[in-house]
Amino acid sequence: MADKSRSDGGAPDIFAELLRSQTEAASQVFGQLFAPVLPKGTAEAAPPPWGDVTESLQAMWGQFQNVPAADYADPAKLTGLLESWHRQVPFADLDNQKRLWGDSLQLWQSVLGQYGIGPLTQDDSPDGEAKLPRSDRRFADPKWREQPFFALIHQAYLLFAEQAEALADGVQGLDPARQQQLRFLTRAIVDALSPANFALTNPLALERAIETQGESLTRGLEHMMADLGRGQLTHTDPEAFKLGENIAVTPGKVVHETPLYQLIQYSPTTDKVLATPLVIFPPWINRFYILDLNPAKSFVRWAVEQGVTVFMVSWKSADASMAEVVWDDYVRAQIDAIDTVRDRLKAPSTHVIGYCVAGTTLAATLAVLARRGEADKVKSATFFTAQVDFADPGDLKHFVDDQQIETIGTLAPEGFLDGRYMAATFNLLRGNDLIWSYVTKNYLMGEDYPAFDLLHWNGDVTNLPAKWHCAYLRDLYRDNRLVEPDALSADGTPIDLRLIATPAYIQAGREDHIAPPESVWKLTRQLKGPWTFLLAGSGHIAGVVNPPSSKKYGFWTNDAPGDTLEGFIAGAQEHPGSWWPHWLGWLRGQDSAEVKATGKRVPGARGDKVIEDAPGRYVKTR
């Protein structure tokens, strides 16, 4: 802790004592950084240790000033956003100002008293650290408590965060959707204003700069400039992973191709396989290899090893040629993939999996097949974190209103939406984890990027057909029309989810912020046929990608699930580890017949024409 000698000189002395440590730290950093670099051999003084760093930073700063900001980083737009937020949150209300002032004064006295400053002194805690009233994992390092300036600034920030969120919650006269948007915007702005995100108010960044004689600042600025050039925040080493070499490596062949998707068939590793093949539809807003990250995490490889003939759809990243692509095209593509697999293997039906938005579309596809009398083409359907009822679809709802849908159109003049915008949107849903922690690590601390396959996948963006994406947001998220019988149609066929009699397995993630389990559960209310609901530990990705070898998270089942998610949870049985074996048991329960893994069950075998090796070209298209 700091020296407890008391200052009795009043407010000026208190502020002087408060700012002393910050000033000294800043002087060490910036005094060395901008000190003149004397010629070599000058007797008066040795060259400052940061001379080379200073020159590098000055050169990069000149380059940085010429780097155009991305549209969504336009300062004018950010200023407008902040002004709009400030108008809605009643900071100017006199009663609120009095309360804020009173709480702030109490906080200052409490925190400064820990350091012998001001009229109030607290006893030392047993471990010698200051006892501060608020805690947050962003400020867990002891350096946030060693000096009064950093202690006060992060405590004042946490107080402000509490007050801002309380004011947002208390705004009257807004409809529920606008109220939720205001809460979300408040949280996003508050997260952005954290003192951990700025070099001069982050003691760890200042210490790192001093320790490295400014090299951390150079690396951080290099990282920032590279990200500005890419128009996207980097989370992992961009050179660490290569498709088909150390990710997406399960052996297979591309056996079918259309302008919208490629169909991959994976090579069997068992003598016999289930007679009914499996077709997986991943979301087209991401690359398919989330289900084939590496041999240890790959759902595809694991399923193949269990004797399942696995096909994977690899969607094409949208370009100008796909400007007119709409929902009908994705429904037709799913039906085409099912028919292609059935014809190729002479199988009467397939199992299917739909992940996230592809699961939403799969529900529509099943309804179309049922209406056409072709439901027997699908033996069973599995839904990974998929929603059909969007009454309460989670935090993504905050990005869906008329103005934002119209904005998407302006961002897609060639008919497709740049995937970087969607990546930024999803990152905002977990801003502290996926944005600000990396700003701190990459820019302020200048740390090297880790080699993390999941983060590499997360940053491997794919473009979206703008016409379809806007319709998806409008018809599903905004208007919730999919659960209205015959309100929507696909390929000329009205959609009524109540016609679906196909046995269904519905997986939800307990901590999913993209497709909340409460929303996923609502699919059970729509289906005519039998269904099994499973609640997995973790969220939208880790809740799905949870191989048995990891022995993590666990899952919950209930043989008498009841009518609500609350009822399901109340009577649920918890199981340790991965839910994948439970799903496999359910799948075999639908059809346990097996056949030899010969002929076209082995893609690329003698006489079998294929297009190319997995993972194919489409997944590599940017």
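The values are calculated or read from the model by the stated rules, or taken from the named source; none is laboratory data. Being a predicted model, the structure only gives us computed values, none of them experimental. We place every Cβ from the backbone using ideal geometry, glycine too, and count neighbours over all the protein chains shown. When the accessible area is computed, the model is the full protein with side chains, heavy atoms only, and any ligands, DNA or RNA have been set aside. Shrake-Rupley method; radii C 1.70, N 1.55, O 1.52, S 1.80 Å.
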Item checked: Residue check, Asp336 in contact (Cβ under 8 Å) with a residue 60 or more places away in the chain, out of contact with any Gly (no Cβ under 7 Å at 6 or more places or on another chain) and either open to solvent by 10 Å² or more (accessible area, probe 1.4 Å) or in a loop (DSSP other than H, G, I, E, B) (or both) -> yes
Checklist line | Given (1) modelled with pLDDT under 80; (2) open to solvent by 60 Å² or more (accessible area, probe 1.4 Å); (3) within 25 Å of the chain's Cα centre (by Cα), number of the condition Ala177 does not satisfy | finding: (2)
Next item on the list: Scan segment 532-546 and give yes if some residue there is loosely packed, with under 14 Cβ neighbours inside 10 Å, of a type outside the set (Val, Ile, Thr), closer than 29 Å to Arg498 by Cα and at pLDDT 95 or above, otherwise no.
Entry: no
Next item on the list: Name the single residue, out of those in segment 240-261 being within 26 Å of the chain's Cα centre (by Cα) and small (Gly, Ala, Ser), that is least open to solvent (accessible area, probe 1.4 Å).
Entry: Ala248
Next item on the list: Give the number of residues within segment 456-477 that are hydrophobic (A, V, I, L, M, F, W, C), open to solvent by 10 Å² or more (accessible area, probe 1.4 Å) and farther than 15 Å from Leu411 by Cβ.
Entry: 2
Note to self: Looking at Val368, Val308, can you tell me which residue is touching a Leu at 6+ places or on another chain (Cβ under 6 Å), open to solvent by less than 10 Å² (accessible area, probe 1.4 Å) and either closer than 29 Å to Pro485 by Cβ or in contact (Cβ under 8 Å) with a residue 24 or more places away in the chain (or both)?
What the structure shows: Val308
Margin query: Here's a check for you: in segment 412-428, which residue that is open to solvent by 20 Å² or more (accessible area, probe 1.4 Å) and outside any loop (DSSP other than H, G, I, E, B) is modelled with the highest pLDDT?
Written below: Phe416
Check: Would it be correct to say that Tyr553 is buried (at least 20 other Cβ atoms within 10 Å of the Cβ) and aromatic (Phe, Trp, Tyr)?
Finding: no
Checklist line | Single match in Ile280, Ile264 (criterion: crowded, with 24+ Cβ neighbours inside 10 Å, among the aliphatic types (A, V, I, L, M), in contact (Cβ under 8 Å) with a residue 24 or more places away in the chain and farther than 28 Å from Leu396 by Cβ) | finding: Ile264
Check: Which condition breaks for Leu482 when tested against (1) within 18 Å of the chain's Cα centre (by Cα); (2) in contact (Cβ under 8 Å) with a residue 40 or more places away in the chain?
Finding: (1)
Margin query: What are the pairs with Cβ atoms under 7 angstrom where one residue, in segment 217-231, is among the charged types (D, E, K, R) and the other, located anywhere, is crowded, with 18+ Cβ neighbours inside 10 Å? Sequence gap at least six, or different chains.
Written below: Arg219/Gly446; Asp227/Leu233
Notebook entry, point to check: What is the number of the single condition among (1) open to solvent by 10 Å² or more (accessible area, probe 1.4 Å); (2) closer than 25 Å to Ala375 by Cα; (3) touching a strand residue (DSSP E or B) at 6+ places or on another chain (Cβ under 9 Å) that Gln526 does not meet?
Noted result: (3)
Item checked: Exclusive hit being out of contact with any Gly (no Cβ under 7 Å at 6 or more places or on another chain), touching a residue at least 12 places away in the same chain (Cβ under 8 Å) and either under 25 Å from Arg588 (Cα atoms) or among the charged types (D, E, K, R) (or both), set Gly537, Gly543, Gly529 -> Gly529
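Conditions (1) over 11 Å from Gln507 (Cα atoms); (2) among the hydrophobic types (A, V, I, L, M, F, W, C); (3) at pLDDT 95 or above, marked per residue:
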| position | (1), (2), (3) |
| --- | --- |
| Ser550 | yes, no, no |
| Glu566 | yes, no, yes |
| Gln573 | yes, no, yes |
| Trp586 | yes, yes, yes |
Next item on the list: Please enumerate the residues belonging to segment 429-469 that are closer than 21 Å to Tyr289 by Cβ, among the small types (Gly, Ala, Ser) and in a loop (DSSP other than H, G, I, E, B).
Entry: Ala451
Notebook entry, point to check: Of the numbered conditions (1) more than 29 Å from Gln403 (Cα to Cα); (2) not in a strand (DSSP E or B), Ala508 satisfies every one except a single condition; which is it?
Noted result: (2)
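Table: residues versus (1) touching a Phe, Trp or Tyr at 6+ places or on another chain (Cβ under 9 Å); (2) assigned to a helix (DSSP H, G or I); (3) over 29 Å from Met445 (Cα atoms); (4) not hydroxyl-bearing (Ser, Thr, Tyr).
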position: Arg138; (1), (2), (3), (4): yes, yes, no, yes
position: Leu158; (1), (2), (3), (4): yes, yes, no, yes
position: Asp169; (1), (2), (3), (4): no, yes, yes, yes
position: Arg178; (1), (2), (3), (4): no, yes, yes, yes
position: Thr186; (1), (2), (3), (4): yes, yes, no, no
position: Val190; (1), (2), (3), (4): yes, yes, no, yes
Check: Do you know which of the residues in segment 311-328 that are of a type outside the set (A, V, I, L, M, F, W, C) and open to solvent by 40 Å² or more (accessible area, probe 1.4 Å) is nearest to Trp580 (Cα to Cα)?
Finding: Lys316
Note to self: Restricting to segment 193-224, name every residue that is outside any helix (DSSP H, G or I), open to solvent by less than 20 Å² (accessible area, probe 1.4 Å) and over 19 Å from Arg145 (Cα atoms).
What the structure shows: Gly214
Check: When segment 491-505 is examined, which residues are found to be assigned to a loop (DSSP other than H, G, I, E, B), among the charged types (D, E, K, R) and surrounded by fewer than 17 Cβ atoms within 10 Å (Cβ to Cβ)?
Finding: Asp491
Item checked: Selection status of Asp237, acidic (Asp, Glu), open to solvent by less than 10 Å² (accessible area, probe 1.4 Å) and touching a residue at least 12 places away in the same chain (Cβ under 8 Å) -> no
Check: If a residue has to be of a type in the set (A, V, I, L, M, F, W, C), in contact with a Phe, Trp or Tyr (Cβ under 9 Å, 6 or more places away or on another chain) and within 15 Å of Gln403 (Cα to Cα) to count, how many in segment 470-485 make the cut?
Finding: 2
Next item on the list: Evaluate segment 357-372: report whether one residue or more is outside any helix (DSSP H, G or I), out of contact with any Phe, Trp or Tyr (no Cβ under 7 Å at 6 or more places or on another chain) and either closer than 30 Å to Leu428 by Cβ or hydrophobic (A, V, I, L, M, F, W, C) (or both).
Entry: no
Notebook entry, point to check: Only one of Ala593, Ala597, Ala614 is open to solvent by 30 Å² or more (accessible area, probe 1.4 Å) and modelled with pLDDT of 95 or more; which?
Noted result: Ala593
